[in-house]
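J.: So that we are looking at the same thing, I have put the structure below in structure tokens.
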Amino acid sequence: MQSLGAALAFGLGGIGAAIGLSIVGAKTIESMARQPEMAGRLQTTMFIALGMIEAIGLLGFVLAFVLNA
Amino acid sequence: MTEKIAELLHELSVRPFSEHAAFSLTNYTFWLIIAVVLLLVFVVVASRKARLVPSGVGNIAEAAVDFVRNGVCVDIMGPEGKKCFPFIGTMFFFVLFNNLLGNIPPALPGTGTVGTTFTWAIVVFLVYNGIGIKKIGFFRYIKALVPSGTPVFLAPLIFVIELISHFLRPFTLGVRLFANMYAGHIMLGVFTVFMALALEHFTATSAIVLPLSFLMSVILRAFEVFVAVLQAYIFTILTAVYINGAIHAEH
Amino acid sequence: MELIIPNTTEMWVNVVAFAVLFIVMWKFAFPPITKMLDERANKIRESLERAEETRVEAERLLEEYKVQMAEARAEATQVIEQGRKVAESMKTEILAKAKEEAEAEKAKAIEAIQAEKAAAMAEIKGEVADLSVAVAGKIIGSSLSKKDHEALIDKYLAEVGSLNEN
């Protein structure tokens, strides 16, 4: 039961993070294609957003271990 | 299978490096100290070799320094960002060296434990709030948590939300770095466990599992090197963003 | 749960590591590198600026040279033109003079010839008169003296005069 909860925590957290990351990635590529001269700044901003979203997915990962222990 | 995984997790857990050590050094801190020593040697050698026409180690260090100074500090904070470079550069080199050292097999990444990442995240938290408070004073800094123009009835709510988000920052900063390193090593370990199991009871399935696992572990190793650099970059850039937010708190 | 509870020993080690690293980096490691980077950036900027200045200067000089070259060429053309004009006028002058001289020479020569001719003519006339007298004398049989001659002429004139009276 604990393992199931852990797996769910990680899995559901992962879904959210994955959707968020895909939107960030897609929008960044779109913007870069539209304004190639802004590519540098867009990339920086993308990494910031990416890091923040990733943290949510990783919180699920950590939660899985915490629940399972 | 389960016991092998448990063994792997035990291997990656925080435990004393040696039972005989007088000082209770953990396995992660042992490698962390090695990484710090390597880093000190690297930067001291690089700074000795700083010439107008760079070469060798000086070249690598200068490229990295220039990347952090212009690509992170100046990019995020503007020209005054150069003043923050020593702190942000220290963050970057420390995280980078630990992450990369963790990819050389017997070593563990010094950043693969919450003891390290939370400490450094708390240092970041204290430094950026310290900069903000030093700049405009404690009460104005606290007041600046609520953006000007917020309706009065919403202000307490916004204030609480902002306060929570500020206190969550060191937590997410630490967890992100730790979980990336930890998860990466678990993945690498899992494929190693697969290979070990396939070799233990050699069957027809092993013939498929073994090369695939080997291939995956090679690919993952390369990916881990990429993640090591990327996480160092993200840790640094978020530090810069937080400091920038504190400098321009009232805008 | 122990996974996210930090180990206190690790935290203290990290605090020390941060302190040592930050001080070493801040005071010893970074300043030479950043100084070098700034110096290099300045040097490159200066070099570029100097190169730009040199280029502008070179262009200016080239422009100047071009103007000077054009001036010199125009001057040279003018000098040649002037020379040609002088030569031309000299030529016509010399030619005219020569012609004049030649003309004068010719005139003088003609005059001389004319004089010679007149003299020769006069001489011949005298000769012929004498000769004809001599021949006439021979034919008549006696030579007439000057006196006789004059008397003859007078007689002839008198005969002619009497003829006129009729």
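J.: Is there a residue being of a type in the set (D, E, K, R) and buried (at least 20 other Cβ atoms within 10 Å of the Cβ) anywhere in region B:44-62?
T.: yes
J.: Taking only pairs six or more apart or across chains, which ones have beta-carbon atoms under 7 Å, a first residue in region C:129-141 that is part of a helix (DSSP H, G or I), and a second residue that is at pLDDT below 80 and surrounded by 11 or more Cβ atoms within 10 Å (Cβ to Cβ)?
T.: C:GLY137/C:SER143; C:GLY137/C:LEU144
J.: While we're on this one: Name the residues in region B:217-251 that are aliphatic (A, V, I, L, M), modelled with pLDDT under 90 and either in a loop (DSSP other than H, G, I, E, B) or over 22 Å from the mean Cα position of the chain (by Cα) (or both), would you?
T.: Residues satisfying the conditions are B:ILE247, B:ALA249.
J.: Here is a list of conditions, (1) within 30 Å of B:TRP120 (Cβ to Cβ); (2) open to solvent by less than 70 Å² (accessible area, probe 1.4 Å); (3) within 9 Å of chain B (Cβ to nearest Cβ), and C:ALA19 meets all of them except one; can you say which number that is?
T.: C:ALA19 satisfies every listed condition except (3).
Every residue, every condition in (1) without any contact (Cβ under 8 Å) to a residue 40 or more places away in the chain; (2) within 7 Å of another protein chain (Cβ to nearest Cβ); (3) open to solvent by less than 60 Å² (accessible area, probe 1.4 Å); (4) over 22 Å from B:ALA228 (Cα atoms), yes or no:
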{"residue": "B:TRP31", "(1), (2), (3), (4)": "no, no, yes, no"}
{"residue": "B:VAL37", "(1), (2), (3), (4)": "yes, no, no, no"}
{"residue": "B:VAL65", "(1), (2), (3), (4)": "yes, yes, yes, no"}
{"residue": "B:GLY89", "(1), (2), (3), (4)": "yes, yes, yes, no"}
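J.: Here is a follow-up. Identify, please: which residue in region B:69-87 is among the charged types (D, E, K, R), within 13 Å of chain C (Cβ to nearest Cβ) and touching a helix residue (DSSP H, G or I) at 6+ places or on another chain (Cβ under 7 Å) and is, among those, least open to solvent (accessible area, probe 1.4 Å)?
T.: By that ranking, first place goes to B:ARG69.
J.: Look through region A:33-58, keep the residues that are within 9 Å of chain B (Cβ to nearest Cβ) and aliphatic (A, V, I, L, M), and return whichever of them is farthest from the chain's Cα centre (by Cα).
T.: A:ILE48
J.: Can you pull out every residue in region B:193-214 that is surrounded by fewer than 16 Cβ atoms within 10 Å (Cβ to Cβ) and without any contact (Cβ under 8 Å) to a residue 60 or more places away in the chain?
T.: Once the filter is applied, which keeps residues that are surrounded by fewer than 16 Cβ atoms within 10 Å (Cβ to Cβ) and without any contact (Cβ under 8 Å) to a residue 60 or more places away in the chain, region B:193-214 yields B:LEU199, B:GLU200, B:HIS201, B:PHE202, B:THR203, B:ALA204, B:THR205, B:ALA207, B:ILE208, B:PRO211, B:LEU212, B:PHE214.
J.: Same structure, new question: Check B:ASN103 against each of (1) part of a helix (DSSP H, G or I); (2) away from every other protein chain (no Cβ under 13 Å) and name the one condition it does not meet.
T.: (1)
J.: Only one of A:GLY51, A:GLY5, A:GLY20 is over 17 Å from B:VAL227 (Cα atoms) and either buried (at least 17 other Cβ atoms within 10 Å of the Cβ) or without any contact (Cβ under 8 Å) to a residue 60 or more places away in the chain (or both); which?
T.: None of the others qualify; the one that does is A:GLY20.
J.: Are any residues in region C:3-16 assigned to a helix (DSSP H, G or I) and more than 7 Å from every other protein chain (Cβ to nearest Cβ), and if so, which ones?
T.: C:THR8, C:TRP12, C:VAL16
J.: Just checking, does region B:13-22 include any residue being touching a helix residue (DSSP H, G or I) at 6+ places or on another chain (Cβ under 8 Å), modelled with pLDDT of 75 or more and more than 10 Å from every other protein chain (Cβ to nearest Cβ)?
T.: Within region B:13-22, none of the residues are touching a helix residue (DSSP H, G or I) at 6+ places or on another chain (Cβ under 8 Å), modelled with pLDDT of 75 or more and more than 10 Å from every other protein chain (Cβ to nearest Cβ).
J.: Condition test on B:ILE133, is it open to solvent by 20 Å² or more (accessible area, probe 1.4 Å) and either at positive phi or assigned to a helix (DSSP H, G or I) (or both)?
T.: So B:ILE133 fits the description; yes.
J.: Still on this structure: Exactly one condition in (1) within 11 Å of chain C (Cβ to nearest Cβ); (2) touching a helix residue (DSSP H, G or I) at 6+ places or on another chain (Cβ under 7 Å); (3) part of a helix (DSSP H, G or I); (4) modelled with pLDDT of 85 or more is false for B:THR111; which is it?
T.: Of (1) within 11 Å of chain C (Cβ to nearest Cβ); (2) touching a helix residue (DSSP H, G or I) at 6+ places or on another chain (Cβ under 7 Å); (3) part of a helix (DSSP H, G or I); (4) modelled with pLDDT of 85 or more, only one is false for B:THR111: (3).
J.: Select from region B:124-146 the residues that are out of contact with any Pro (no Cβ under 8 Å at 6 or more places or on another chain) and more than 20 Å from B:ILE158 (Cα to Cα) and list them in ascending order.
T.: B:LEU126, B:VAL127, B:TYR128, B:GLY130, B:ILE131, B:LYS134, B:LYS135, B:ILE136, B:GLY137
The values are calculated or read from the model by the stated rules, or taken from the named source; none is laboratory data. Since the model is a prediction, treat every value here as computed from it, not as a measurement. Note that we place each Cβ from the backbone using ideal geometry, even for glycine, and neighbour counts take in every protein chain shown. Note: accessible area is taken over every heavy atom of the protein model, side chains too, but ligands, DNA and RNA are not part of it. Shrake-Rupley method; radii C 1.70, N 1.55, O 1.52, S 1.80 Å.
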